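Colleague: The following block contains the structure, expressed as structure tokens.
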Amino acid sequence: GENVEQHPSTLSVQEGDSAVIKCTYSDSASNYFPWYKQELGKRPQLIIDIRSNVGEKKDQRIAVTLNKTAKHFSLHITETQPEDSAVYFCAASRGGGADGLTFGKGTHLIIQP
Amino acid sequence: NAGVMQNPRHLVRRRGQEARLRCSPMKGHSHVYWYRQLPEEGLKFMVYLQKENIIDESGMPKERFSAEFPKEGPSILRIQQVVRGDSAAYFCASSPGTGTNVLTFGAGSRLTVL
């Protein structure tokens, strides 16, 4: 089955700086890579996703890059703000509703004022 | 659209009792997934269901755990003879199914076993 590794487990950055979280996956058939944000005690919420026919996707301060050859993908958050503090999870799946997502173990992002 | 509804939000059980967690998917969604989240850990896949069918239960413990998604009513995750190690947050997610597996999560059910 799929195995997703995520690094770092904790990331502390100064407000206004950029944050980068990296994930690798094992199943070359995976073609859907979402990122979820989970605030303390709340549900995971989808913030951005990318499919394997795209190398990069941006949404305001958030971007995701995908390298299918190396089987890794990254989340980039620019101009970080206090409300970005949360746990971020990457995930991978083959898509198409055939199976569920395999999640990384999460990155606790701390924005220092 | 009320989103994915889970209940109860909090459940306390004593060792040996049964826990039943319910999940109603988003309107129009026919696929339901259950995940378990232990404190300070990620989301572990448990089971994937469509109406009246279990599609993938590879993440479910072999004993004490079962799931169903009947033709009518919510999906139910059932844990028999609970032990302290079952204490966790159980999240349900749903997706429209065909052609996508963009998941929308419910607020979770937090099970505490005394």
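The values are calculated or read from the model by the stated rules, or taken from the named source; none is laboratory data. Note that the structure is a prediction, hence the values are computed from the model and not measured. Neighbour counts are summed over all protein chains in view; Cβ atoms, including those assigned to glycine, are modelled from backbone coordinates with ideal geometry. We work out accessible area using only protein heavy atoms, side chains counted, and drop any ligands, DNA or RNA first. Shrake-Rupley method; radii C 1.70, N 1.55, O 1.52, S 1.80 Å.
Colleague: Here are some conditions: (1) closer than 22 Å to B:LEU114 by Cα; (2) open to solvent by less than 20 Å² (accessible area, probe 1.4 Å). B:HIS31 meets all but one. Which one does it not meet?
Modeller: Failing condition for B:HIS31: (1).
Colleague: While we're looking at this one, here's another question. Taking interchain pairs and intrachain pairs at least six residues apart, which have beta carbon atoms under 8 angstrom, with the first residue in the range A:45-61 and within 14 Å of another protein chain (Cβ to nearest Cβ) and the second outside any strand (DSSP E or B) and open to solvent by 60 Å² or more (accessible area, probe 1.4 Å)?
Modeller: Filtered contacts from the range A:45-61: A:SER52/A:LYS68.
Colleague: Could you list all residues from the range A:1-32 that are of a type outside the set (A, V, I, L, M, F, W, C) and part of a strand (DSSP E or B)? Reasoning before the result, please.
Modeller: Keep residues of the range A:1-32 that are of a type outside the set (A, V, I, L, M, F, W, C), which gives A:1-3, A:5-10, A:12, A:14-18, A:22, A:24-28, A:30-32.
Of everything in the range A:1-32, those that are of a type outside the set (A, V, I, L, M, F, W, C) and part of a strand (DSSP E or B) turn out to be A:GLU5, A:GLN6, A:HIS7, A:THR10, A:SER12, A:GLN14, A:LYS22, A:THR24, A:TYR25, A:TYR32.
Colleague: Identify the residue in the range B:74-94 that is over 11 Å from B:TRP34 (Cβ atoms), of a type in the set (Gly, Ala, Ser) and under 14 Å from the mean Cα position of the chain (by Cα) and, among all such residues, is nearest to the other protein chains (Cβ to nearest Cβ).
Modeller: B:ALA89
Colleague: A follow-up question, please. Within the group B:PRO96, B:PRO8, which residue is of a type outside the set (Phe, Trp, Tyr), in contact with a His (Cβ under 6 Å, 6 or more places away or on another chain) and surrounded by 13 or more Cβ atoms within 10 Å (Cβ to Cβ)? Quick ask: steps written out before the conclusion?
Modeller: Working: B:PRO8 fails: in contact with a His (Cβ under 6 Å, 6 or more places away or on another chain).
Matching residue, one of B:PRO96, B:PRO8: B:PRO96.
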